[in-house]
Amino acid sequence: MRNNTLVKSLLPLVIVLALATAYGFWHKLREGHFKVRRSKAAALDAAMLGSPLGSRVTLVQFSSAFCTPCRTTRALLSQMTADMHDVVHLHIDAEANLDLVNRLNILSTPTTLILNKSGTEVGRAVGAPKRDEVLAAIASVK
């Protein structure tokens with residue numbers, strides 16, 4: 001009888017742990033990957049972003065001050081785009097630009113938007129993107 005009571009009391013804990021673990025794996029798998037988006041929002045321009053757009057691609061990174069992955073992402077994107085004459089990396093402080101963050105539905109940092117030459121969002125990565133994925137996302141924009 002005592003074993004049966006112990007099993008009944010531990011079962012909810014085991015279920016919660018299993019669900020939390022599954023969610024953690026799912027979240028980790030989807031974080032940092034560029035997702036192709038068909039944005040219905042108006043295109044962004046230099047006045048909204050505070051800097052000119054790239055002639056082919058603009059990577060707009062939203063960060064916050066205490067975000068460690070944000071610093072890594074900023075260094076990666078800055079280094080990668082340094083030799084690309086038609087690609088611009090813009091860094092935006094999410095806390096200082098809440099209107100823009102709300103309008104673009106930025107839910108966490110780092111979030112990196114990929115814009116085409118007209119300023120239309122064509123992709124988005126939530127979390128720290130990988131070098132290969134950034135290169136593939138840039139190459140996919142014509």
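The values are calculated or read from the model by the stated rules, or taken from the named source; none is laboratory data. The structure presented is a predicted model; accordingly, all values stated were derived computationally and were not measured. Neighbour counts run over all protein chains shown; Cβ positions are idealised from the backbone, glycine included. All accessible areas refer to the heavy atoms of the entire protein, side chains included, with ligands and DNA or RNA removed. Shrake-Rupley method; radii C 1.70, N 1.55, O 1.52, S 1.80 Å.
Would you mind checking which residues have amide H under 5 Å from GLY54's amide H? H placed 1.01 Å from N; only 5 or more apart, or other chain.
VAL88
Find the accessible area per residue for the stretch 82-142; the probe is 1.4 Å, ligands and nucleic acids are left out, and the unit is Å².
Working: 3190 Å² over 61 residues.
Computed with neighbouring chains in place, this is 52 Å² per residue.
Pulled fully out, how much extra length does the chain show between ASN4 and ALA20, if you take 0.36 nm times their separation in residues and subtract their Cα-Cα distance? Intermediate results must be reported in sequence, preceding the final value.
Values: separation 16, 0.36 × 16 = 5.76 nm, distance 2.48 nm.
Net length gain for the segment: 3.3 nm.
First obtain the Kirkwood hydrodynamic radius of the stretch 66-123 from its Cα pairs, then insert it into the Stokes-Einstein equation at 4 °C and 1.567 mPa s, and state the resulting D in µm² per second as a whole number.
On the way: Rh = 12.6 Å.
The estimated diffusion coefficient comes to 103 µm²/s.
Quick check: at a probe of 1.4 Å, how many percent of the accessible area of the stretch 37-107 sits on carbon and sulfur atoms?
54 percent
Could you derive backbone 3J(HN,Hα) for the stretch 66-81 from the dihedral phi with the Karplus parameters 6.51, -1.76 and 1.60 (θ = phi - 60°), listing whole Hz in sequence and x where the residue is Gly or Pro?
Residue by residue, the stretch 66-81 yields 9, 9, 5, x, 5, 5, 5, 5, 4, 4, 4, 5, 5, 5, 5, 8 Hz.
Please identify the GluC sites (Glu not before Pro) of the stretch 84-138 that satisfy two criteria: DSSP loop assignment and at most 16 other Cβ atoms within 10 Å. Which are they?
On the way: sites: GLU95, GLU121, GLU133; in loops: GLU95.
Loop-located and lightly packed - GLU95.
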